[in-house]
Structures are given as C-alpha cells and as structure tokens.
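The structure appears right after this line, and notes come after that.
The values are calculated or read from the model by the stated rules, or taken from the named source; none is laboratory data. For clarity, every value in this text was computed on a predicted model and none was experimentally measured. Cβ coordinates were reconstructed from backbone atoms using ideal geometry, including for glycine residues, and neighbour counts include every protein chain displayed. Note: areas computed on protein heavy atoms with side chains; ligands, DNA, RNA excluded. Shrake-Rupley method; radii C 1.70, N 1.55, O 1.52, S 1.80 Å.
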Amino acid sequence: MDLTRRQVLRSSLAAVAAARLWAQPGPRPARILLDTERSRAILDRRLFGSFLEHLGRAIYGGIYEPGSRLSDERGFRKDVLQEIKQLGVPIVRYPGGNFVSGYNWLDGVGPRDKRPRVLERAWNSIETNQFGTNEFIEWCRAVGAEPLLAANLGTGTPEAAAALVEYCNLERGTKWSDLRRQHGYEKPHNVRYWCLGNEMDGPWQIGHMTAVEYGRKATDAARQMRMVDRSLQLIACGSSNPGMSTFLEWDRQVLEECYGVVDAISLHCYYSNAEQSETKGEAQRYLALNLNMESQIDQVVAVCDYVRGRLKSPKKLWLSFDEWNVWYRARDGNGNRQEAPRLLEEQYNLEDALLVGGLLNSLMRRSDRVKIACLAQLVNVIAPIMTSPTGMYRQTIYYPYAWALAHARGNVLDIVVDSETYELSGRNTTVVPYVDAVATFDASSKSCCLFALNRDLAREREVTLHFRDVAPRRVTGFETLTGRNLKAANTFENPQAVTPQRLEPPAPGSTMRVKLPAQSYSLLRLSMA
Ligand code: AHR
C-alpha cells in the first residue's frame, strides 16, 4: 500500500523523535576554564593543618604510648609518627580544644614523676600529665610539623599565658626561660602561632564569658604575650559554630575590643549527616555542606572587614579555621574519670570522605583569607588515623586529606566551573553544582592538580578542561575515591574497604575530556613540562 506524503512525513518525524529519545543525551558535560596565570591565592600549606587534644586516646594510646613495643625511647608511637611525617602535616594545634580552658601548663612540664594526676573537667577524664608542652614540641619536630599552641583563657590568666610564651620562646636569663632549660630544653621552642583560648562563646566552655569580657581578656593576654615576643601571630576566638545564636555578633564585639592586637580570628564547624540534622540523612544534601563552610567564611570575613572599616585600621585579619571535620555519631564526651577513655571515636564512611574532599576544596577556594585550618582531629578522636595497641589503620577521610597534603602546591587558580546543578528544597531553595572543582598550579615544578567532587549519586560526569595559556603535556596521575556503597567504612578487620582507585588517564592537551565516576572525589595530576 502506497503511503501518502503526509503519512511519510508523520512517520519520519516519529522516527526522529524516537531516535532522540533512544540517544539519551545524558548529562551535559561540565566545563572548566583554567589559566595558570590567573591565581586566586598563594596557597599557605598551613591550610592543611590538624589538631591533637588531650581528649580520649588522641595523645595517650594515640601518639604516645610508653612501654609499647611500637614506641621509641621517648614513648612516641613510631608507626603513628612515621605515618604523620610521611603525610606531611604542616601545623598541629595543641593541647585543646575544650581541654585547654581548664589546663595548667605547669602541670605538664618538669620531671614526670612530679607531675600531678588531675581530674580533667572538660571531658571528665583523668589526666596524668605524662605528656605536656615539651613532649609535644619534640613530637612536632620529629614529624616535621609546626606547633600551634592554645593558651588557656578560661581558668588561665593573661599572666600565665605570657609565662608560657616566655617558657617556650625566650633564650635564657628569665624565670620561665630558665625553668625550661632546667627541664632539659636548652634551646627555645620558638612557637609563632597562638590561639587566645578556645570557643569562649560556648556555654559548655570552662570559663565561658561574654564577648566583651573575652575581648578584653584576649587584649590583655595579647599585650602581655607580645611584650615577651613581638613576633607572635595571635588568633582570637571567633564563634564556635555558625549555629550559635550569637554567631557574627560575638565576632563583631570581640573584634571591636581586640582588633588592634590580634592577627586572625578562629572559625570552627563540624558537619553532620544525622537524620535529624539539616541534611536529613540525604546524601545529596550532605555532599553540599561544604558550600555552608564557604558562606561561614564569607560572613566572618565581612565582620572582620566591617570592624576594620569602623576602626580605620590598615591591618587586614586572616582566618584560622582551626577545627573542622565531620562529627555526629560519637558525641558522648563523658570520660567517666578514666585515663584515655574511648571518646569521640567516630567511624568514617565513604560519603564522609567525599564531603571532606569538598571541604578541602572550599578551604582552597577561600585561601585568600583562610591561612590556617586544622582537620579536627588527627589520631583516634574524630580522626583519619586510628590506633590499637598493636597497629593502626587509615579511615576513609584520610585519603582526600592526604591528596591535598601531597599535591596541592603553589597557587590556587581562579578557575571557572560550569556544571549542571540540582536543587535542594528547604527554607530557601539552594542550587548546587554537581561538579565542585579546585585547581592548583605550582610554577616551580610546572604541575597542575585538579581536585573534583562529583555530587551526582547516579551518573558519571564528564568534564571538559580548557587550558587557556599552557597545555598539559603529561598526565602524571588520575585517582578517585568512590564506591557503590556510600556507607562503606574501613575498620581494623577490613582496612582496605575504601581506598583510592586508579582511573584511565585522559589524553593531555589544551582541551581534555575527563570522566568523574558517580559519587566520587578525584585527583587529576598534570605536568606542563
Ligand atoms: O574537637 C572536639 C571539641 O570540639 C573541641 O574540644 C572543642 O573545641 C570543640 O567543641
């Protein structure tokens, strides 16, 4: 039977429509525009710092375990020390955290058999004081990290904080510097970075006070500490998290008191995927939380610059994001008056590691103002490294952190990322890009790294990289952290459940097509030489 012209037309239109449908175009590739001469910031490697508190098994049974066959003659766990040295952690905050607000540093120095055993009131634990400031500095030197000491501005006085600076940093010939020498440390420790207390806005904090009270105490402490050593870099306590009712107002009032005598303000935040949290346990919401970190940074920057303007100060403050991580499961902080109790031993899964990757991306993107950041914490307590008396293993969050430490160098590039987005409904609808990427470029080695989070839980995402100035000549590595099960975690029994996998390297050139697996955090390393 002959088909009429109309029938032919109709059937061919249907065929085109069907072909379109079957072709399933899939997601539009994301595009990233890179120019190695367009830099957002010079990367301060202190952005990848960490934190060790006298809390749970972080110190005792974590980095320090005298008598263990795994420890050296100083009691330092050799396996842990080696791991942290090889990670290259640049700076470590110590001794707290909430702990510092009730800590008398004099309890932790001098002959060990004379050090008191005290009831530690932040975590209701027994503190033996067998590890203190000098051991920490020695440990830092052994792992190649710089110390970031916190002074007690809870129960501690500005005078005691200045005495600790004198103990640590003066050569000789004064009460406290000579005490250090008597304790066997001839040379000064030269500690440059100091936190003026910890989370003093929190009602849970020992010595909690109002913003104005704290601002004045911090000013007094800063003046006395600087009188001892003019070269110090001092960090005032900002809000302990953006959920505080006093968030930003605390920061403003504190800075109006102490702006002239400090160099930076601290930010803290822990992220949660609990069913009752803002993520409601949904992975796509959870993986967007690093964008909240960026808003928090932007808001605190705005307050700093507002106070700067009001005071007509030539000085621009930098930010110290000195506590950040995922933390929502192991929240019980009662040590029941035990020595080194198991506290805050959070077990991390794949989705936590993906968010940690995103958080590292956010820190790098804001590294024009954030100069120090500390993954809280380092060993056993909400940590990438877990120990037992016989060994250790790496949690999932170890891997994105290790990549940043090993490969993010030089400048953070001012890249343009154009990605498809998804919407999160809530009080305000949030639009979230599937692909979250940051690039660094190290001019001395001519190497460029791309750190990319793919928040698409179902589909691989293709990304086209357009290099404007120089074209990569070689792909020196392409790895990813991914898996089908977002809840998969590493344990002592199965320490390799979540580890990075190699990906097929894309062809190098001024335009490159890169495939990011669904629910993944990936690192692409390129050489321009
Ligand atoms: O890192 C654990 C605790 O979290 C710290 O001691 C405190 O500063 C924060 O609230």
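Checking the conditions here, which among Tyr348, Tyr393 is crowded, with 24+ Cβ neighbours inside 10 Å and either under 18 Å from Tyr64 (Cα atoms) or within 15 Å of the ligand (Cβ to nearest atom) (or both)? Walk me through it before giving the result.
Values: Tyr393 fails: crowded, with 24+ Cβ neighbours inside 10 Å.
Exactly one of Tyr348, Tyr393 is crowded, with 24+ Cβ neighbours inside 10 Å and either under 18 Å from Tyr64 (Cα atoms) or within 15 Å of the ligand (Cβ to nearest atom) (or both), namely Tyr348.
If I go through the stretch 294-329 residue by residue, how many of them are more than 16 Å from the ligand (Cβ to nearest atom) and not in a loop (DSSP other than H, G, I, E, B)?
19
Please enumerate the residues belonging to the stretch 86-97 that are closer than 18 Å to Arg46 by Cβ and away from the ligand (no atom under 11 Å from the Cβ).
Of everything in the stretch 86-97, those that are closer than 18 Å to Arg46 by Cβ and away from the ligand (no atom under 11 Å from the Cβ) turn out to be Leu87, Gly88, Val89, Pro90, Ile91, Val92, Tyr94.
Just to be sure, is Asp368 open to solvent by less than 10 Å² (accessible area, probe 1.4 Å) and touching a residue at least 24 places away in the same chain (Cβ under 8 Å)?
No.
Run down Thr155, Thr174, Thr210 and say which single residue is within 16 Å of the ligand (Cβ to nearest atom) and among the hydroxyl-bearing types (Ser, Thr, Tyr). Show your work before the answer.
Details: Thr174 fails: within 16 Å of the ligand (Cβ to nearest atom); Thr210 fails: within 16 Å of the ligand (Cβ to nearest atom).
One residue alone meets the criteria, Thr155.
Which condition breaks for Ala340 when tested against (1) at negative phi; (2) over 20 Å from the mean Cα position of the chain (by Cα)?
For Ala340, the failing item is (1).
Taking the stretch 188-205 only, how many residues are of a type outside the set (Phe, Trp, Tyr), within 12 Å of the ligand (Cβ to nearest atom) and open to solvent by 30 Å² or more (accessible area, probe 1.4 Å)?
Count: 1.
Could you please give the count of residues in the stretch 428-472 that are charged (D, E, K, R), open to solvent by 40 Å² or more (accessible area, probe 1.4 Å) and assigned to a strand (DSSP E or B)?
Qualifying residue count, the stretch 428-472: 1.
Across the stretch 206-243, which residue is nearest to Tyr271 (Cα to Cα) among those that are open to solvent by less than 10 Å² (accessible area, probe 1.4 Å) and of a type outside the set (Gly, Ala, Ser)?
Top of the filtered list is Cys237.
Starting from residues that are among the hydrophobic types (A, V, I, L, M, F, W, C) and not in a loop (DSSP other than H, G, I, E, B), keep the ones in the stretch 396-406 and report whichever is surrounded by the most Cβ atoms within 10 Å (Cβ to Cβ). Reasoning before the result, please.
We begin by selecting, within the stretch 396-406, every residue among the hydrophobic types (A, V, I, L, M, F, W, C); these are 397, 402-406.
Applying the additional criterion that residues be not in a loop (DSSP other than H, G, I, E, B) yields 402-406.
Numbers: Ala402: 20, Trp403: 22, Ala404: 26, Leu405: 20, Ala406: 15.
That would be Ala404.
State yes or no: is Asp322 within 29 Å of Val381 (Cβ to Cβ), surrounded by 16 or more Cβ atoms within 10 Å (Cβ to Cβ) and within 16 Å of the chain's Cα centre (by Cα)?
Against the criterion (within 29 Å of Val381 (Cβ to Cβ), surrounded by 16 or more Cβ atoms within 10 Å (Cβ to Cβ) and within 16 Å of the chain's Cα centre (by Cα)), Asp322 qualifies.
Could you grab me the full set of residues in the stretch 507-529 that are surrounded by fewer than 19 Cβ atoms within 10 Å (Cβ to Cβ) and not in a strand (DSSP E or B)?
Ala507, Pro508, Gly509, Ser510, Pro517, Ala518, Ala529
Looking at the stretch 275-289, which of its residues are assigned to a loop (DSSP other than H, G, I, E, B) and either under 22 Å from Leu148 (Cβ atoms) or open to solvent by less than 20 Å² (accessible area, probe 1.4 Å) (or both)?
If the condition is that a residue be assigned to a loop (DSSP other than H, G, I, E, B) and either under 22 Å from Leu148 (Cβ atoms) or open to solvent by less than 20 Å² (accessible area, probe 1.4 Å) (or both), then Thr279, Leu287, Ala288, Leu289 are the ones that fit.
Take the residues in the stretch 39-85 that are touching a residue at least 24 places away in the same chain (Cβ under 8 Å) and of a type in the set (S, T, N, Q); name whichever of them is nearest to the ligand (Cβ to nearest atom).
Selected residue: Ser50.
Inside the stretch 98-119, can you point out the residues that are within 16 Å of the ligand (Cβ to nearest atom) and surrounded by fewer than 17 Cβ atoms within 10 Å (Cβ to Cβ)?
Scanning the stretch 98-119 gives no hits.
Condition check ((1) surrounded by 19 or more Cβ atoms within 10 Å (Cβ to Cβ); (2) aliphatic (A, V, I, L, M); (3) within 30 Å of Leu234 (Cα to Cα); (4) in contact with a Ser or Thr (Cβ under 7 Å, 6 or more places away or on another chain)) across all residues:
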| residue | (1), (2), (3), (4) |
| --- | --- |
| Glu339 | no, no, no, yes |
| Leu344 | yes, yes, yes, no |
| Leu355 | yes, yes, yes, no |
| Leu413 | yes, yes, yes, yes |
| Asp418 | no, no, no, no |
| Thr421 | no, no, no, no |
| Gly426 | no, no, no, no |
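Count, please, the residues in the stretch 247-259 that happen to be open to solvent by 10 Å² or more (accessible area, probe 1.4 Å) and more than 16 Å from the ligand (Cβ to nearest atom).
Selection size over the stretch 247-259: 6.
Search the stretch 260-277 for residues being in contact with a helix residue (DSSP H, G or I) (Cβ under 7 Å, 6 or more places away or on another chain) and away from the ligand (no atom under 16 Å from the Cβ), and hand back the single one that is nearest to Glu294 (Cα to Cα). Walk me through how you get there before you give the answer.
Step one: filter the stretch 260-277 for residues in contact with a helix residue (DSSP H, G or I) (Cβ under 7 Å, 6 or more places away or on another chain), giving 261-262, 265, 267, 269, 271, 273.
If we keep only those that are away from the ligand (no atom under 16 Å from the Cβ) too, we end up with 261-262, 273.
On the way: Val261: 26, Val262: 23, Asn273: 18 Å.
Across the stretch 260-277, the extreme among qualifying residues is Asn273.
If Tyr271 satisfies all but one of (1) surrounded by fewer than 18 Cβ atoms within 10 Å (Cβ to Cβ); (2) touching a residue at least 60 places away in the same chain (Cβ under 8 Å); (3) under 22 Å from the mean Cα position of the chain (by Cα), what's the number of the condition it fails?
Evaluating Tyr271 over (1) surrounded by fewer than 18 Cβ atoms within 10 Å (Cβ to Cβ); (2) touching a residue at least 60 places away in the same chain (Cβ under 8 Å); (3) under 22 Å from the mean Cα position of the chain (by Cα) leaves (1) as the failure.
Residue-by-condition table, conditions (1) polar (S, T, N, Q); (2) under 20 Å from Ala376 (Cβ atoms); (3) out of contact with any Phe, Trp or Tyr (no Cβ under 7 Å at 6 or more places or on another chain):
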site	(1), (2), (3)
Leu179	no, no, no
Glu186	no, no, yes
Cys195	no, yes, yes
Thr246	yes, no, yes
Glu249	no, no, yes
Tyr259	no, no, yes
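Could you please find all residues in the stretch 351-390 being in contact with a Leu (Cβ under 9 Å, 6 or more places away or on another chain), in a loop (DSSP other than H, G, I, E, B) and away from the ligand (no atom under 15 Å from the Cβ)?
Arg366, Ser367, Arg369, Pro389, Thr390
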